[in-house]
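Please treat every number below as a calculation from the coordinates, not as lab data. Treat the numbers as computed from the prediction; the structure is a model and nothing was measured. Every residue, glycine among them, receives a Cβ derived from its backbone with ideal geometry; neighbour counts consider all protein chains shown.
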Amino acid sequence: MSIAIHLADSDIVAPAEEGDLILDALLLAGVPMAYSCQQGNCGTCKCELVQGEVMDLDYSEYALTPEERARGLILACRTQAWGDVTVRRLDDEELVVHPERFMRCKVALLEDLTHDIKRVVLKIESGGPYSFTAGQYAKIEFLPLTTRDYSMANVPAAGADTDDAKRLEFHVRAVPGGAASQFVQGKLAVGQTVRVSGPYGASYLRESHQGAILAIAGGSGLAPIESILGRTLAAGNSNPVRLYFGVRALRDVYHEDLFKAWAAQYPNFRYTIVLSNEEAPGYAHGLVTEVVARELTGVIGMKAYLAGPPVMVEAATRLLGERGMAARDIHADAFYTEADRQGNTA
């Protein structure tokens, strides 16, 4: 039976069939919607159910808490419509939509950043121009029929015809048993062709916000955070910009020279590197969220950007919520592995 999905505060109506996922129906109708994992793990597609009969599929309570569900929020990727439905996007005024591109790229540079993270720089050969907002990600096919999500680490280019606009940078961490990441670590070579599509994701820099910024990164989650901070600092945000970078040990630290350069150039930028498994002079010790909890004095007027392992992102999200930060000011990108995506969402 045909039904309709209405987007509140607009004239947009997406056709659907009973049992269709709300996100699928809206995307097929060409409606711009923020989404990421499509497995009920990340919370990116969270929206408000205004009215209608729906059924929830399994999802993570990190992505949608029981309190949020009780307030009428849903995950569009895990909600089936069983009648005419009306939903409202939570972030309409800040929804950024770039043209989706399918590109052929060549590997221009490979560099070991740590023992298990490799910097991969790609040059766009065809399918561009590619525009994105700092903090977004792309889907990359390093191996035939094996696509993985990786965040852009470079700052978006100012013009479509510049060399910077034809360059993409990613930080790829080797995941035990991960086909794509293991291939990148051991077999990917300069000059090889890869396929890239994007951009995707809603944990991007809110460029209209000129207030304080708190960024928390774990491991290769530094990639989108570097893009976000590089963009906001270069754009002239003079309010406090604070970075906490959490890793296990000294051998996992990278791009510290970049942070030092930023601190020297921008008086409003400060950073702390946190080691969880060892102590070293000049570095904080413990879990990165523990250090943030000790040092965070207030959240008024602040936006937070979080990226890295799901357990870190979940803990940081809880901490900031407990300190009074509104959910709309927390932009979180949890780096789920392919095994995570294929496993239980609950």
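Once every DSSP H run of n ≥ 4 in the chain is given -39500 (n - 2.57) and the sum is divided by its residues, what mean residue ellipticity at 222 nm do you get, rounded to the nearest 500 deg cm²/dmol? Kindly include the intermediate steps, with their values, before the conclusion.
Values: 8 runs with 69 residues, N = 346.
The per-residue figure over the chain is -5500 deg cm²/dmol.
One quarter of the convex hull surface, Cα atoms only: what value does that give for the range 101-200 in nm²?
Values: hull surface 23.4 nm².
If I average the Cα hull's projected area over directions, I get 5.8 nm².
Please report, in cubic angstrom per residue, the volume enclosed by the convex hull of the alpha-carbon atoms of the chain. Walk me through the numbers on the way to the answer.
Numbers: hull volume 49.5 nm³, N = 346.
Output value, Cα hull per residue: 143 Å³.
Go through GLY211, GLY30, TYR254 and say which Cα lies farthest out towards the positive end of the charge dipole of the chain; charges sit on Cβ, +1 for Lys and Arg, -1 for Asp and Glu.
Final value for the positive-end residue is TYR254.
Rounded to two decimal places and with Rh computed the Kirkwood way over Cα pairs, what is Rg over Rh for the range 232-311? Write out the running numbers ahead of the final one.
Values: Rg = 13.2 Å, Rh = 13.8 Å.
Here Rg/Rh amounts to 0.96.
Let me know the charge dipole size of the range 256-320 about its Cα centre in debye, to the nearest 20, where only the beta-carbon of Lys, Arg (+1) and Asp, Glu (-1) is charged. Please list the in-between numbers first.
Working: 5 positive and 7 negative charges, 65 e Å.
It comes to approximately 320 debye.
Which net charge results when you count Lys and Arg as +1 and Asp and Glu as -1 among the other residues whose beta-carbon is under 11 Å from that of ARG248? Intermediate results must be reported in sequence, preceding the final value.
Working: positive: ARG251; negative: ASP116, ASP252, GLU278.
Counting the neighbours of ARG248, the net charge comes to -2.
Relative to the longest principal Cα axis of the chain, at what angle does helix 310-322 sit, 0 to 90 degrees, rounded to 10?
80
Just to check I understand the Karplus step: with θ = phi - 60° and J = 6.51 cos²θ - 1.76 cosθ + 1.60, what whole-Hz values come out for the range 324-331, glycine and proline as x?
Residue by residue, the range 324-331 yields x, 7, 5, 4, 5, 9, 10, 10 Hz.
Could you give me the ³J(HN,Hα) list for the range 294-307, computed from phi with Karplus coefficients 6.51, -1.76, 1.60 and θ = phi - 60°, whole Hz, x at Gly and Pro?
Rounded to whole hertz, the list is 6, 9, 6, 9, x, 10, 5, x, 9, 10, 10, 10, 10, 7.
Can you give the charge dipole size of the chain about its Cα centre, rounded to the nearest 20 debye, using +1 on the beta carbon of Lys and Arg and -1 on the beta carbon of Asp and Glu? All intermediate terms of the calculation are to be shown ahead of the outcome.
Numbers: 32 positive and 44 negative charges, 216 e Å.
Taking the Cα centre of the chain as origin, the dipole is about 1040 debye.
At R0 = 41 Å, how high is the FRET efficiency between HIS115 and THR86 if r is their beta carbon distance? Nearest 0.05 is fine. Mind dumping the intermediate values first?
On the way: r = 51 Å, r/R0 = 1.24.
Calculated transfer efficiency: 0.20.
Under a Cβ-Cβ cut-off of 14 Å, what is the net charge of the residues other than ARG104 that fall near it, where Lys and Arg count +1 and Asp and Glu count -1? It would help to have the intermediate numbers written out before the result.
Details: positive: ARG101, LYS106, LYS123, LYS139, LYS166, ARG195; negative: GLU125, GLU141.
Result for the neighbourhood of ARG104: +4.
Looking at CYS42, PRO66, ILE12, which one has the Cα that reaches farthest to the positive end of the dipole of the chain (charges on Cβ: Lys, Arg +1; Asp, Glu -1)?
Of the listed residues, the answer is CYS42.
I'm a student and want to see the number: the projected area of the Cα convex hull of the range 2-94, averaged over all directions, in nm². Walk me through the numbers before you get to the answer.
Details: hull surface 21.5 nm².
Convex hull of Cα atoms, orientation-averaged projection: 5.4 nm².
Across the range 216-233, in residue order, what do the Karplus-derived ³J(HN,Hα) couplings come to in whole Hz, using 6.51 cos²θ - 1.76 cosθ + 1.60 with θ = phi - 60° and x for Gly and Pro?
10, 10, x, x, 6, x, 5, 4, x, 5, 4, 5, 5, 5, x, 5, 5, 5
Using unit Cβ charges (K, R positive; D, E negative) and no other charged atoms, how large, in debye to the nearest 20, is the dipole of the range 1-137 about its Cα centre?
Details: 12 positive and 23 negative charges, 151 e Å.
Computed about the Cα centre, the dipole is about 720 debye.
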